1. List residues of segment 167-200, by number, whose backbone nitrogen lies under 20 Å from a label position 7 Å along Cα→C-beta of Arg53.
2. Quick one: P(r) of segment 47-114 from all Cα-Cα pairs, 5 Å bins, percents rounded to integers, in order of increasing distance.
3. What do the square roots of 5 times the Cα gyration tensor eigenvalues come to for segment 1-138, in whole Å, largest first, as semi-axes of the equivalent ellipsoid?
4. Students often get this wrong: which residues of segment 22-53 have the backbone nitrogen under 16 Å from the point 7 angstrom along Cα-to-C-beta of Glu233?
5. What ranking do 210-216, 240-246, 156-162 get when scored by the average of other Cβ atoms within 10 Å per residue, highest first?
6. Which residue fluctuates the most in the chain, going by a Gaussian network model with Cα springs under 10 Å, if the choices are Asp364, Asp308, Asp88?
7. Using a Förster distance of 51 Å, how high is the FRET efficiency between Ser218 and Glu131, based on the Cβ-Cβ distance and rounded to 0.05?
8. Can you compute the equivalent ellipsoid semi-axes for segment 233-314, i.e. the square root of 5 times each eigenvalue of the Cα gyration tensor, sorted largest first and rounded to whole Å?
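Every number here is computed from the coordinates shown, using simple stated rules; none is lab data. These numbers were taken from a predicted model, which means no experiment stands behind them. Methodologically, a virtual Cβ is constructed for each residue, glycine included, from the backbone with ideal geometry; neighbour enumeration extends over all protein chains shown.
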Amino acid sequence: MATHKIGIIMNGVTGRMGTNQHLIRSIVAIRSEGGVKLANGDVLYPDPILVGRNEAKLQALADAHGIERIGTDLEAALADDHNVIYFDSQTTVRRAEGIKQAIAAGKHIYCEKPTATSVEGSLELARLAQEAGVKNGVVQDKLFLPGLLKLKRLIDSGYFGEILSVKLDFGYWVFEGDWQEGQRPSWNYREEDGGGIIVDMFAHWRYVIDNLFGEIKSLTCLGATHINSRVDENGETYKATADDAAYAIFELQNGAVIQANSSWVTRVDRDDLLTIQVDGKLGSAVAGLRDCKTQHRVQTPRPTWNPDIPNPFDFQEQWEQVPENETYDNGFKIQWELFLKHIHQDDAFPWDLLEGAKGTQLSDLGLEAWHGRKWVDVPELNL
């Protein structure tokens, strides 16, 4: 049995997502388990170097989680042949430049999304990686959520018959920062800093829809900045210039219709922060982050509209939970393990920079539909 150390440049891990999901719950967790075990008994052991602008924050993270290497000089980290992977979870406006540097240095690329601030920028990254011959991947974490894995199992089994429609509802209330601290960084609400819920969430909805329900034919979208003034991390009031809610309809090539609401200004009265209801001819399901419940056509009740009497049904009790037939690991960690195997032994990894560009394309088209108050078609995207 051999242990293969893989040097990973992790740029941007002092942010919320980079720290929690990618460093602590993925790389640190993999290291604590002894690495990624391969079928032949070998082990892939991640050896990260934390890179960023704030040395004190990097050192504190490294000390807390047993990481030996940090640095504030990205060029030096890229010049080190031990580092074969470049990972980027910086803010969107900084990401493309870091990825370009890493591609030029011959590093394999793994990154958060959106991969760039425009579809043209995202396609450029995909082309550069292809021309350089470096492997590349984009985080598509929601595909590995337990609730969506259960939903995918239902779809693959033919449970729904023909899928007619999908209702996707995502969001929660993000505090304005004046009387309670906001749960998201302030840049999310400034368009000039790459913020906005359309840019953020449509990249997710693209891969969820593509992988579960089918190819998107066209869409329309209404965005809104419902709260136009917020308070940042330093207690300073600032003008919110980015959209904090989006209301979209996607028409699929197979005829199904998806309604997708995304909002940081909604109070939750549903099973989870994300719920996806799928209605088919033979049955329906509602998936959340971890759970999924179903209602087959033979269990469907027969309600009658009559507002003059109390409702005789408890609709919530008429659904059945999909059982926990397997153990579900953290979705970010699962995808990290798959990418490490892809790098070491060329295992399949379909979620590349071109797939990431499709997410940016959908965000761009959502913004176009909103500002033009129209339906727009979704053309095929190729390098």
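1. 184-196
2. Answer for segment 47-114: a P(r) of 3, 17, 27, 26, 19, 7, 0 percent.
3. Numbers: eigenvalues 110, 71, 37 Å².
After diagonalising the Cα gyration tensor, the semi-axes are 23, 19, 14 Å.
4. Of the residues in segment 22-53, 51-53 have backbone N under 16 Å from the label point off Glu233.
5. On the way: 210-216: 17.7, 240-246: 21.9, 156-162: 12.7.
Top to bottom by mean Cβ count within 10 Å: 240-246, 210-216, 156-162.
6. Asp308
7. Working: r = 32 Å, r/R0 = 0.63.
Taking R0 as 51 Å, the efficiency between Ser218 and Glu131 is 0.95.
8. On the way: eigenvalues 226, 76, 40 Å².
After diagonalising the Cα gyration tensor, the semi-axes are 34, 19, 14 Å.
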